[in-house]
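The structure appears below as structure tokens.
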Amino acid sequence: MKKIASGYRLILGYLGIFLAMTGVIILLPLILLLVPAYRDDVVYAWNFLIPGLATLVGGILLFFFMIAKRERAKLQKHQDSILLVSLWLFAIVISAVPFLMSGKMGFTESIFESTSGYASVGLTRLPLEMYDSHIYTFYRAVLQFFGGVGLVLIVTSAISDRYGLQLYTAEGHNDRLIPNLGKSARIILVMYVAFIVLGMGALMIAGVDWFDALTHSISSIATGGFSSKANGMAGYSGNQLAIEIITCVLMVLGATNFVLHFMLMLGRFKKVGKDIEIKTFAIIVLLFIPLMFFAFFTSAVAPNMDQHYSAAESFRYGTFTFISCITTTGYSNVPSNFVIPSVAFLLLTICNVIGGGMGSTAGGIKFYRLGVAAKSYYWTLKERLSSKRIIYPNYVYRYGELKEVTKNESNEAFGYILLYILVMLVGAFLVSICGGETFGDSLFEFSTALSGTGLSNGISARANPAVMWVLNVGMFAGRLEILAVFYAAYRMVRDVFRKETY
């Protein structure tokens, strides 16, 4: 009879699988050395080979020693969160090693860059001279590729066991396309890659070099915001307006629930149009684009200047910046000699908080929670204004059918929104205290880290180590939707004090 692997042995065994995958992620940029034009980057090969191979071998050994020849029990309550937090932490720390081995980034900066990549944020501390290295700019895109769609989803698409569903949902993948979890993950991964390939092709038609088109497409679909150019999108060759339009489409695709993408591919257009997430997004678009236009149109191009944005510039910059923030991507198309109006930062902070769709690569509170919270508030008002003898059903249109919203689901939506705002305020306070910044600027910067947006007002670029660690925590917690981190800490503390978790 086989021995049983349970508890922390099982956690370590599963962690071995993810460590092996992390090793593969670190080794992937070496493929770029096969391109003759980029072989000068061979000087950086050891920076990826050493940590990549060590992590790959270490992960395989950990898996075999811990659980390979054992029956696998079911993880207990909140142990899935411990595994989830552990695998993301190990992936971030180990993937920071190539940056550290470059000799041009310190430990804190390397962790910051790795966290920003995996959390698909886009805040960066990469030195300007490292943008000349294609292998490092490609590596950042690789981190966003895996981080955007999710480390658990990647593994689940290859191997799926009886416990996979709980870990899969803990990462934020709340819906399956089909009953089989592994096949569902593979379909999402195929769609994800297909969008990237199509985006790359469209950008190349617009005149962008193939390497920039690939990295930009990955970053856009992953709603990450890393650029392969030090000066961002302005550094790309080609038709700038066409590039911006293509980027907007890619960002929206990435921030849309993959279940809705799947329904569209099945031809269920009307049902998708009725979905609560699509309706919520449509309302936000109709409200915020005019406000962003007005913010740009009534503002000076730069402080102490009489020059103002034209109507065309106001629509172009306002719309792009809004889409960039609501999808939590973080690109900017405003020229370097122009500035984003200060009043727009308040609107963009709200967009950061809202975020994109559930089951997408975007961060933030998400359209579904916001829609349910708004509907619940409406239902409450309606009940109080109506006769007590009348009972109104609380339904929303979800995935092609009417779904009843229970009181518990409404409370969860309101609770998460409250928790999110509380974490954002505390984080902004810490950034302000540690960095000596104004609270308003700190609020925007931490909100962009927590939501995974990455559109910065400059704080992260000049941040001291203390501020970078605060932003690191925000990026990490936001990517795992806060609660997973709380549950993991709660379970570990109870385990340390040998208290049973009910």
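Laboratory data are not the source of any read-out in this text; all were calculated from the coordinates shown. Nothing here was measured: the structure is a model prediction, and the numbers come from that model. Virtual Cβ from ideal backbone geometry, glycine too; neighbours counted across all protein chains shown.
Local charge sum around D40 (other residues, Cβ-Cβ under 15 Å, Lys/Arg +1, Asp/Glu -1)?
My count for the surroundings of D40 gives -2.
P(r) tail for the stretch 241-396, what percent of Cα pairs lie past 29 Å?
Percent of Cα pairs beyond 29 Å in the stretch 241-396: 30.
Report relative contact order for the stretch 337-394 in percent, whole number only (criteria: Cα-Cα under 8 Å, sequence separation at least 6).
18
Collect residues whose amide H, placed 1.01 Å from N in the peptide plane, falls under 5 Å from the amide H of Y395; neighbours closer than 5 in sequence don't count.
V405
For the stretch 1-34 and the stretch 222-289, write down the distance between their C-alpha centroids in whole Å.
Between the Cα centres of the stretch 1-34 and the stretch 222-289 lies a distance of 33 Å.
Count the net charge of all other residues whose Cβ sits under 14 Å from the Cβ of V467, scoring Lys and Arg as +1 and Asp and Glu as -1.
Overall, the nearby charge balance is -2.
Return the long-range amide H neighbours of G355 (sequence gap of 5 or more, or a different chain), with a cut-off of under 5 Å between placed amide H atoms.
Those qualifying (amide H under 5 Å, at least 5 residues apart or on another chain) are I365, K366.
For the chain, which cysteines have no second Cys with its Cβ under 4.7 Å from theirs?
Cysteines lacking a close Cβ partner in the chain: C248, C434.
Please report the orientation-averaged projected area of the chain, defined via the convex hull of its C-alpha atoms, in nm².
Reported value for the Cα convex hull: 26.9 nm².
Before rounding to the nearest 500, sum -39500 (n - 2.57) across all DSSP H runs of length at least 4 in the chain and divide by the residue total; then give [θ] at 222 nm in deg cm²/dmol.
Calculated at 222 nm, the ellipticity per residue is -20500 deg cm²/dmol.
So, counting K/R as plus one and D/E as minus one, what does the shell of residues with Cβ under 15 Å around Y236 add up to?
Local net charge: -2.
Please compute one quarter of the surface area of the Cα convex hull for the stretch 318-459 and express it in square nanometres.
Convex hull of Cα atoms, orientation-averaged projection: 10.7 nm².
For the stretch 310-322, just list the computed ³J(HN,Hα) in residue order, Karplus coefficients 6.51, -1.76 and 1.60, θ = phi - 60°, integers in Hz, with x standing in for Gly and Pro.
6, 4, 5, 5, 4, 5, 5, 6, x, 5, 4, 5, 4
Can you tell me the order of 343-356, 107-120, 432-445 when each peptide is scored by its average per-residue count of other Cβ atoms within 10 angstrom, highest first?
Put in order of decreasing packing, that is 107-120, 343-356, 432-445.
Run through the stretch 56-103 and list the trypsin sites (Lys or Arg not before Pro) located in a DSSP loop whose Cβ has at most 15 other Cβ atoms within 10 Å.
Those that pass, being in a loop and sparsely packed, are K69, R70, K74, K77.
Among L49, L450, L430, rank each residue by its count of other Cβ atoms within 10 Å, from fewest to most, as a rough exposure measure.
L49, L430, L450
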